[in-house]
Amino acid sequence: MALGLNSSVFQNPGGPSPELAPSASSNDAFSFWKLPENWRDVLGPMVVASRAGAEHYLFELYLDEKQRCPPAALGTYYGIRKFIPRGVRHWLNSTAIHARRRNGFPNWPCESVLLDFWREWLKQAMEKLRISDGWHIGFWPGETRCCVVLTHDVESPTGLERMERIADIEQRYGFLSSWNLPLAQYPIDWLRVERLRARGFEIGAHGLAHDGKLFRSEADFAELGPLLERLAREHSLVGFRSPSTLRRAEWIASMAFEYDSSFADTDPYEPQPGGCCSIFPFHLGGLLELPYTLPQDHTLIHIIHRDPLQMWCLKAQWIAAAGGMILLLTHPDYIGTGEYLARYEEFLKRLRDLPQAWHALPSAVAGWWRRRSRMSLSIENGQPVIKGDDTTGAVAVRFSREPLCE
């Protein structure tokens, strides 16, 4: 497992990052928009500069190096965590988070800096090309204008027992979801899991355990990473989310998964606060990063004591208006019963009624975004033509009809 610790994007925020984003899978603005290829040479310097500008936010380079790593104090907490009753643990977490110094950036619950960056770059590109409108490859398949992804982290055997009940409700409203399991924390009933998989639900890896060890040190990652990957392969798990969303971007980029979902667009309430500022997928080495973009149920219920439904609806409407990815992270341990399950069901009703929304599993979103990155757009006889090995679902969209430009 190559850790990529010397990757230039992390050592030199203004420089290129070939180790983390091959030319066919770049985070520059031209690749984000998927513009006509005959524009590339004219916009060359702008394209090169845009990559460093975007990755400054995507890889959390606005934070200092220490802040981009899990806090050292977590080691002590995880050493005694299992001895603390859950209610007391939530109170301690809330107290600690409210006591720490809050950065003013990224804003919560909505941060628009990267959206503004994409819009302004396109505006300048159009001015350079002396055009007032144009075409790009749409962000989502077909005629859809935004994306909805439901994910769950299953923290305990209690959460495992609640999975099928929640899945029943999701299917009632036309949804499938993914369930991320810690692979060495508690006994997993794989027959129950396979029943869900047979119904079309997706299963992902939620690390090995909530012990803070995976990203604690290079030695820990070198020891635990291969074990995690082996267990994931044994159970055909292609997606990953780190326990407690602890992360080191350059290490995640080296992992053998198809996608990761350990980053938030903005989340000041996690043990490792920050955010990639993106409501769209992006490339993280050979993986696709699918940031969770709605506030976590745990945060709303236990940390800041807010109504989940109200906050979820507020943020989902904002994301849909920009044509982004509404990705929800919930825990059956917390929303699997009582009033919070009712709140979750009500939110599913509202998501179901969201117009022109693509309801997708995370593996489908990662697969689509990877295929889209390999497509090219050309203008032939005044009409857009999309080319590639597999262009299924791809459509050309005028900027004037793109939600992100409205």
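Compared with the alpha-carbon gap, the fully stretched path from residue 222 to residue 306 is longer by 26.3 nm at 0.36 nm per residue. Sorted ascending by nearby beta carbons within 10 Å, beginning with the fewest, 299, 151 become 151, 299.
Taking the average, over residues, of other Cβ atoms within 10 Å as the packing measure, peptides 160-172, 241-253, 308-320 rank 241-253, 308-320, 160-172 from highest down. Looking at the chain, the DSSP beta bridges with both ends there are about 35 percent antiparallel. Here is how the number arises for the chain: DSSP H runs of 4 or more residues each give -39500 (n - 2.57), the sum is divided by the residue count, and the result at 222 nm is -11500 deg cm²/dmol. One compactness figure for the chain is 0.96, namely its Cα radius of gyration divided by 2.2 N^0.38 Å.
In the chain, the longest principal axis of the Cα atoms and the axis of helix 362-373 are about 20 degrees apart. Backbone amide hydrogens, once placed in the peptide plane, bring residue 205 within less than 5 Å of 181, 239, 240, 241, excluding anything fewer than 5 places away on its chain. Counting every other Cβ atom within 10 Å of each residue's Cβ, 376, 278 order from fewest to most as 376, 278. Per-residue 3J(HN,Hα) values for region 166-172, derived from phi via the Karplus relation 6.51 cos²θ - 1.76 cosθ + 1.60 with θ = phi - 60°, read 5, 4, 4, 5, 4, 5, 4 Hz in sequence order (x marks Gly and Pro). Close Lys pairs in the chain, defined as Cα atoms under 21 Å apart and 8 or more places apart or on different chains, number 6. Peptide packing: for 135-141, 282-288, 185-191, the average count of neighbouring Cβ atoms within 10 Å per residue gives the ranking 282-288, 135-141, 185-191, highest mean first. The phi torsions of region 209-216, fed into the Karplus equation with coefficients 6.51, -1.76 and 1.60 and a -60° offset, translate into couplings of 6, 7, 10, x, 8, 4, 10, 6 Hz, rounded to whole numbers, with Gly and Pro shown as x. Name the most mobile residue of 155, 234, 270, meaning the one with the largest mean-square fluctuation, in a Gaussian network model of the chain with Cα contacts below 10 Å. The residue with the greatest mean-square fluctuation here is 234.
Sort 262, 254 by Cβ crowding within 10 Å, fewest neighbours at the top.
254, 262
Residues whose amide H lies under 5 Å from that of residue 282, counting only those 5 or more places away or on a different chain, are 289; hydrogens are built 1.01 Å from N in the peptide plane. How would region 324-363 be classified by its alpha-carbon gyration tensor: rounded, prolate or oblate, with rounded meaning a/c under 1.5 and the a/b versus b/c comparison settling the rest? Since a/c reaches 1.5 but b/c is at least a/b, the shape of region 324-363 is classed as oblate.
Tell me the angle of helix 113-129 to the major Cα principal axis of the chain, expressed in degrees between 0 and 90 and rounded to the nearest ten. Between helix and principal axis, roughly 10 degrees.
Read the figures in this text as sums done on the coordinates, not as results from a lab. This structure is a prediction, so every number in the text was calculated from the model and none was measured. For neighbour counting, all protein chains shown are included, and Cβ atoms are generated from backbone atoms with ideal geometry for every residue, glycine included.
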